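Enquirer: Quick one: the structure is below, and I'll ask about it shortly.
The values are calculated or read from the model by the stated rules, or taken from the named source; none is laboratory data. Here the structure is a predicted model, which is why all the values come from computation and not from measurement. Ligands, DNA and RNA are excluded from the accessible area calculation, which covers all protein heavy atoms including side chains. Shrake-Rupley method; radii C 1.70, N 1.55, O 1.52, S 1.80 Å.
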Amino acid sequence: MSATYQKQNERIYWVDALRFIAMFLVYIGHLGSAAGRIYGFVYLFHVPLFFFISGLFYKEGAKIVATIKISFTKLIVPYFYYSILSLGVYTLFFTKRRKHPTRTFNTAR
């Protein structure tokens, strides 16, 4: 069986390995200047590598509008729900209580 036509439940191991490498490079990229000389090199291609991996699995017969709608409902809508929930939790539990919430800076001289 060729790599281009596989059953849906079969893994393509070289893609898994490539995805692991891309995740590790993102980790190195988040180290910033602590990564040393490799930092600039990693930033050349680690995000485009994820786009390349995603492009491998794009279905040619899929309609672009339908794909965008499905992706929006599967990814963006839960993202906004989680963002609103986490903002509420952060506001309730992790912000300091102030006696005067309208004053955001120190007015003492």
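Enquirer: When residues of the range 39-68 are filtered for being open to solvent by 80 Å² or more (accessible area, probe 1.4 Å), modelled with pLDDT under 85 and not in a helix (DSSP H, G or I), how many remain?
Expert: 6
Let's see how each residue does on (1) open to solvent by 100 Å² or more (accessible area, probe 1.4 Å); (2) in a loop (DSSP other than H, G, I, E, B); (3) basic (Lys, Arg); (4) modelled with pLDDT of 85 or more:
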| position | (1), (2), (3), (4) |
| --- | --- |
| Tyr5 | yes, yes, no, no |
| Trp14 | yes, no, no, yes |
| Ile21 | no, no, no, yes |
| Ile70 | no, no, no, yes |
| Pro78 | no, no, no, yes |
| Leu85 | yes, no, no, yes |
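Enquirer: When the range 87-103 is examined, which residues are found to be open to solvent by 100 Å² or more (accessible area, probe 1.4 Å), hydroxyl-bearing (Ser, Thr, Tyr) and modelled with pLDDT under 85? Even if it seems obvious, please write down each step before you answer.
Expert: Of all residues in the range 87-103, those open to solvent by 100 Å² or more (accessible area, probe 1.4 Å) come to 87, 90, 92-94, 96-100, 102-103.
Narrowing the set further to residues that are hydroxyl-bearing (Ser, Thr, Tyr) leaves 90, 102.
Within the range 87-103, Thr102 is the sole residue that qualifies.
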